[in-house]
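The values are calculated or read from the model by the stated rules, or taken from the named source; none is laboratory data. These figures come from a predicted structure and were not determined experimentally. Quick reminder, even Gly has a Cβ in these numbers, built from the backbone with ideal geometry, and neighbours come from all protein chains shown.
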Amino acid sequence: MLTFKSYNAVLDYIYAKLPMYQRQGPSAYKKDLSNTILLCAAAGNPQDKIKSIHIAGTNGKGTTTHLIAGGLQAQGYKVGVYTSPHYKDFRERIKINGTYISKKFIKSFVEKYFNDIEQIQPSFFEVTVALAFAYFESEKVDYAIIETGLGGRLDSTNIITPMLSIITNISYDHQNMLGDTLQAIAGEKAGIIKEGVPAIIGERQYEVESVFLDKAKSVMAYLSFAEDSLQLKLINATPATKTYQVWHGDQCWIDAIETTLIGPYQEKNICTALASLYQLSEQIYIDKNKIVSFFPDLVNQTGYMGRWQILSQKPLIIADSAHNEAGLNYALQAIGAISKSHLHIVIGFVNDKDLSKVLGLFPQDATYYFAKAHIPRGLDAAILKEQANGLNLKGKTYSSVRKAFAAAKTSAKDTDVIFVGGSIFVVAEVI
């Protein structure tokens, strides 16, 4: 067994040795589950020894994952969470009750299965999936919430048989790998629906509804749409919180549930998560009153970050990880509705993103700070500025996200708004 000198040496190995989609792009994506199956088999198939909930979708996966995890943590359960990518710390991807996986376990896992990794040659993502399953099994979690990385059918996480499958929504993203129609993308996401396992769809979308219904019928899985199961009624809102009543048909299930997740699109994520918890209550014990008490502190308790995160009030600074057409449309509409003197936008994208539709969503009356995220896939700021100028989006380029952010803060008045976005990797450098 190889021994690494330190945890950082292990990280250097898996970053350098293994193809990583977030850094390299499509060349690191493998449309095949065989490597994951082989690596997990070498580790004793830990995925078969944990109870899991599986989540796919174009937008809202991370939020829904953390909401469900929080709801289960509130019951006193030990809950594992696997998400991707990470913002600052690799260990963000694998958590139990909001606490990151230990460096010691990561090091020992890679050392123990070093020969298998060298022989199988899995991707970075395939290794982290196997690592997560092994950690959750080792720590004897009660439940593990597993978020897909890309797609669903051929995603490395799709070797589990969960208690519940959840698909948040479908929009255009990663068309070069998932297909160039909503129906094709939905077909890939629907691949997580398993035989006899109940499934919940977060948003009813006419264009793709039949894809999910047909898939569920073919595997005899009970399928429901979140909005048919539960309805949210906003009863109070403050600058920092929103409070909802939750209805199941004509019965009030929860009188009042307060949340600090006030960003656009969050209501749909909250509905999806609560509908999932409601569905899970048919299989496991869930006390709705404990969900209510937990929700206001969900961010701190689960390690949730990067989604409509308020970094400052004067000026108001908002960082959001929305990066595709649907997500950015929601975010920018919400930004437009905020009262302000002027809008400053710190922006960057990855270099394989089709910007033709995305850039058209951005307002022309804002000041732009174009930057390249500090990853190989980051789009050169000069190229981004050139494309943006073609749509009359004006601003300057900066050699780093940090410098762009600093310039925006220097320029902004207390009554202005600064929005940081375009890519999770841009957001990661300011939060």
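Of a type in the set (Asp, Glu), within 23 Å of the chain's Cα centre (by Cα) and within 30 Å of Leu384 (Cβ to Cβ): which single residue out of Asp365, Asp320, Asp297 fits that description? First the steps, then the outcome.
Details: Asp365 fails: within 23 Å of the chain's Cα centre (by Cα); Asp297 fails: within 30 Å of Leu384 (Cβ to Cβ).
Going through Asp365, Asp320, Asp297 in turn, the sole match is Asp320.
Within the range 373-388, identify whether any single residue is more than 23 Å from Gly57 (Cα to Cα), of a type in the set (D, E, K, R), crowded, with 22+ Cβ neighbours inside 10 Å and over 21 Å from the mean Cα position of the chain (by Cα), and answer yes or no. Reasoning before the result, please.
So the first thing to find is which residues in the range 373-388 are more than 23 Å from Gly57 (Cα to Cα), and the list is 373-376, 378-388.
From the residues that got through so far, the ones that are of a type in the set (D, E, K, R) too are 380, 385-386.
Then keep just the ones that are crowded, with 22+ Cβ neighbours inside 10 Å; that gives none.
Checked against the condition, which is being more than 23 Å from Gly57 (Cα to Cα), of a type in the set (D, E, K, R), crowded, with 22+ Cβ neighbours inside 10 Å and over 21 Å from the mean Cα position of the chain (by Cα), the range 373-388 yields no hits at all.
Okay, residues lined up against (1) among the aromatic types (Phe, Trp, Tyr); (2) surrounded by fewer than 24 Cβ atoms within 10 Å (Cβ to Cβ); (3) under 12 Å from His54 (Cβ atoms); (4) at pLDDT 95 or above:
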residue	(1), (2), (3), (4)
Ala132	no, no, no, yes
Glu137	no, yes, no, yes
Val141	no, yes, no, yes
Thr148	no, no, yes, yes
Leu154	no, yes, no, no
Ser165	no, no, yes, yes
Ser171	no, yes, no, no
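Which one of these does Tyr77 not meet: (1) part of a loop (DSSP other than H, G, I, E, B); (2) over 17 Å from Ala144 (Cα atoms); (3) of a type in the set (Ser, Thr, Tyr); (4) modelled with pLDDT of 90 or more?
(2)
On the basis of being in contact with a Ser or Thr (Cβ under 6 Å, 6 or more places away or on another chain), part of a helix (DSSP H, G or I) and touching a residue at least 40 places away in the same chain (Cβ under 8 Å), does Glu126 make the cut?
Judged against the criteria, Glu126 is a match.
Could you please give the count of residues in the range 179-238 that are within 30 Å of Ala256 (Cα to Cα) and either among the hydrophobic types (A, V, I, L, M, F, W, C) or not assigned by TED's automatic domain parsing to the domain that holds Thr64 (or both)? Give the derivation first.
Filtering the range 179-238 down to residues within 30 Å of Ala256 (Cα to Cα) leaves 198-205, 222-238.
Keeping just the survivors that are either among the hydrophobic types (A, V, I, L, M, F, W, C) or not assigned by TED's automatic domain parsing to the domain that holds Thr64 (or both) gives 199-201, 223, 225-226, 230, 232, 234-235, 237.
Summing the residues that are within 30 Å of Ala256 (Cα to Cα) and either among the hydrophobic types (A, V, I, L, M, F, W, C) or not assigned by TED's automatic domain parsing to the domain that holds Thr64 (or both) in the range 179-238 gives 11.
What's the total number of residues in the range 388-424 that are touching a His at 6+ places or on another chain (Cβ under 6 Å) and modelled with pLDDT under 95? Before the answer, list the steps.
Restricting attention to the range 388-424, the residues satisfying the condition of being touching a His at 6+ places or on another chain (Cβ under 6 Å) are 408, 412, 416, 418, 423.
From what is left, the residues that are modelled with pLDDT under 95 are 423.
The total comes to 1.
Taking Gly263 and the conditions (1) touching a residue at least 60 places away in the same chain (Cβ under 8 Å); (2) in contact with a Lys or Arg (Cβ under 9 Å, 6 or more places away or on another chain); (3) assigned to a helix (DSSP H, G or I), which numbered condition does it fall short on, given that it satisfies the others?
It fails just one condition, (3).
Out of the helices (runs of 4 or more DSSP H) lying entirely within the range 312-423, which hold 3 or more residues that are aliphatic (A, V, I, L, M) and in contact with a strand residue (DSSP E or B) (Cβ under 6 Å, 6 or more places away or on another chain)? Don't jump to the end; show me each part of the working.
Numbers: elements: 325-337, 355-358, 381-389, 401-411.
Correct list: 381-389, 401-411.
Can you pull out every residue in the range 337-372 that is of a type in the set (Lys, Arg) and surrounded by fewer than 21 Cβ atoms within 10 Å (Cβ to Cβ)?
Here is the first cut: in the range 337-372, the ones of a type in the set (Lys, Arg) are 340, 353, 357, 372.
Residues satisfying the conditions are Lys340, Lys353, Lys357.
Can you name the residue in the range 249-265 that is among the hydrophobic types (A, V, I, L, M, F, W, C) and buried (at least 19 other Cβ atoms within 10 Å of the Cβ) and, of all such residues, is modelled with the lowest pLDDT?
Keep residues of the range 249-265 that are among the hydrophobic types (A, V, I, L, M, F, W, C), which gives 252-254, 256-257, 261-262.
Filter once more, so that each one left must be buried (at least 19 other Cβ atoms within 10 Å of the Cβ): 254, 257, 261.
Values: Ile254: 95, Ile257: 95, Leu261: 88.
Filtering first and then ranking leaves Leu261.
Among the candidates Gly202, Gly196, Gly191, Gly187, single out the residue that is under 20 Å from Tyr330 (Cβ atoms) and at pLDDT 90 or above. Working first, answer last.
On the way: Gly196 fails: under 20 Å from Tyr330 (Cβ atoms); Gly191 fails: under 20 Å from Tyr330 (Cβ atoms); Gly187 fails: under 20 Å from Tyr330 (Cβ atoms).
The conditions single out Gly202.
Among the residues of the range 418-431, write down those that are farther than 15 Å from Gly395 by Cβ and not small (Gly, Ala, Ser). Let's see the steps before the verdict.
First pass over the range 418-431, keeping only residues farther than 15 Å from Gly395 by Cβ: 423-425, 427-431.
Once the filter is applied, which keeps residues that are farther than 15 Å from Gly395 by Cβ and not small (Gly, Ala, Ser), the range 418-431 yields Ile424, Phe425, Val427, Glu429, Val430, Ile431.
Taking Leu2, is it modelled with pLDDT under 95 and not assigned by TED's automatic domain parsing to the domain that holds Gly191? Please lay out each step first, then the result.
Values: modelled with pLDDT under 95: yes; not assigned by TED's automatic domain parsing to the domain that holds Gly191: yes.
Considered against the rule, which asks whether it is modelled with pLDDT under 95 and not assigned by TED's automatic domain parsing to the domain that holds Gly191, Leu2 comes out as yes.
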